[in-house]
Amino acid sequence: MTVSPIYRKCRLCPRACEADRLTGTGFCRQGAYPRISGFGLHRWEEPCISGKNGSGTVFFTGCTLACCYCQNYKISQQNLGYSLTPKELSRVFNHLQDIGAHNINLVSPTQFVPSVTEALELSGSYLKIPIVYNCGGYESLDTIKMLEDYVDIWLPDLKYFDDEKALRYSSCHNYFSTAVRAVERMQAVAGSPVYDSEGMMKSGVIIRHLVLPGMRKDSLSIFEALKERIPPKSVVVSIMSQYLPLHRAKSFKELSRRVFTYEYRYVLDGILKLGFEGYSQDRESSCEDYIPEFTDSKPDFDRL
Ligand code: SF4
């Protein structure tokens, strides 16, 4: 199997480690062969993505961030998953469409973009459903450019305004300036949201933001700055309240609790006043039952 030369001196994300991923790894801990930890129909995404049948999620192993509170830390930071070829990845995509997925939802795929585009090429015109690029917002413009002909719906996080917080909690330098530039590019590529007759998104940008304890002012600063760059109604926002002090979060006293209702309301009301529209989340969603099952057992691909 040939491997993309991009993996030989990797600059796929803004960390630009220049690691040779054929012989070693960079910050994301991943080599040159795609790894995933599961795939299936997922019903807990935004309604315009999940619909009746569910979103066809594919969870990629590794991450270009290292959030201390990551609910998927077993796959993002502890390498749970199994390797597969681009051909097998293409079969996963086709299978998800066959079982009724409304879209193919690539979760944390940044570190494997050349393999993802190769798999999408192999699926070719068989795939009729939208491709969703679901990422942490920390993206390089060159990698977005590689994806422009493949992705229909961009689903980035915007996590922090304050770069010191991004460094403390996600080990990431220059988060906001990098992520907001990426979001601006995604919006320019996708245009304003387009829906089908059943309200399912066909193309556009959905910006996710998870409200963190004690950080309501930082949350609002993100959207105040975003409004200066793009018209609020040209994107959809999804403001999440599901924060739980998982993984290493308890080593930071200020992150050791859930978000208070008044904090979430403060952020939500402020964002709506700025003119953004989209989704809020029930407080009951703040529960570990909503975290998907992951695996390192590779399924029998001949049965897909
Ligand atoms: S994708 Fe991984 S190896 Fe490549 S630049 Fe980013 S962190 Fe480094």
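The values are calculated or read from the model by the stated rules, or taken from the named source; none is laboratory data. Owing to the predicted nature of the structure, the values given are computational and were not obtained by experimental measurement. Every residue, glycine among them, receives a Cβ derived from its backbone with ideal geometry; neighbour counts consider all protein chains shown. The area values use the complete protein model at the heavy-atom level, side chains included, leaving out ligands, DNA and RNA. Shrake-Rupley method; radii C 1.70, N 1.55, O 1.52, S 1.80 Å.
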Among the residues of the range 203-211, is there at least one that is over 14 Å from Lys165 (Cα atoms), among the polar types (S, T, N, Q) and open to solvent by 10 Å² or more (accessible area, probe 1.4 Å)?
yes
Output the strands (runs of 3 or more DSSP E) that fall wholly within the range 1-114 and possess 1 or more residues being over 15 Å from the mean Cα position of the chain (by Cα) and either closer than 25 Å to Pro130 by Cα or not polar (S, T, N, Q) (or both), or say none.
35-42
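The rows are residues; the columns are (1) within 12 Å of the ligand (Cβ to nearest atom); (2) crowded, with 18+ Cβ neighbours inside 10 Å; (3) closer than 24 Å to Ile207 by Cβ.
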{"residue": "Arg35", "(1), (2), (3)": "no, yes, no"}
{"residue": "Thr61", "(1), (2), (3)": "yes, yes, no"}
{"residue": "Asn72", "(1), (2), (3)": "no, yes, yes"}
{"residue": "Gln78", "(1), (2), (3)": "no, no, no"}
{"residue": "Leu89", "(1), (2), (3)": "no, yes, no"}
{"residue": "Val92", "(1), (2), (3)": "no, yes, no"}
Cβ pairs under 9 Å, 6+ apart, first in the range 249-268 and of a type in the set (Asp, Glu), second assigned to a helix (DSSP H, G or I):
Glu263/Arg216; Glu263/Ser219
Using beta carbons and a limit of 9 Å, which pairs, at least six apart or on different chains, have the first residue in the range 7-24 and open to solvent by 60 Å² or more (accessible area, probe 1.4 Å) and within 6 Å of the ligand (Cβ to nearest atom) and the second one β-branched (Val, Ile, Thr) and not in a loop (DSSP other than H, G, I, E, B)?
Arg11/Thr143
Going by the structure shown, is Arg185 farther than 26 Å from Ala101 by Cα and either touching a helix residue (DSSP H, G or I) at 6+ places or on another chain (Cβ under 9 Å) or among the charged types (D, E, K, R) (or both)?
yes
Quick check on this structure: which one of Ala179, Ala225, Ala190 is among the aliphatic types (A, V, I, L, M), open to solvent by 10 Å² or more (accessible area, probe 1.4 Å) and touching a Gly at 6+ places or on another chain (Cβ under 6 Å)?
Ala190
For Leu220, indicate whether it is open to solvent by less than 30 Å² (accessible area, probe 1.4 Å) and assigned to a helix (DSSP H, G or I).
yes
Members of the range 118-145 found to be touching a residue at least 12 places away in the same chain (Cβ under 8 Å), more than 14 Å from the ligand (Cβ to nearest atom), out of contact with any Phe, Trp or Tyr (no Cβ under 6 Å at 6 or more places or on another chain) and of a type in the set (S, T, N, Q), listed by number:
Asn134
Just for the range 43-59: of the residues that are more than 27 Å from Phe252 (Cβ to Cβ) and touching a helix residue (DSSP H, G or I) at 6+ places or on another chain (Cβ under 7 Å), which one is nearest to the ligand (Cβ to nearest atom)?
Val58
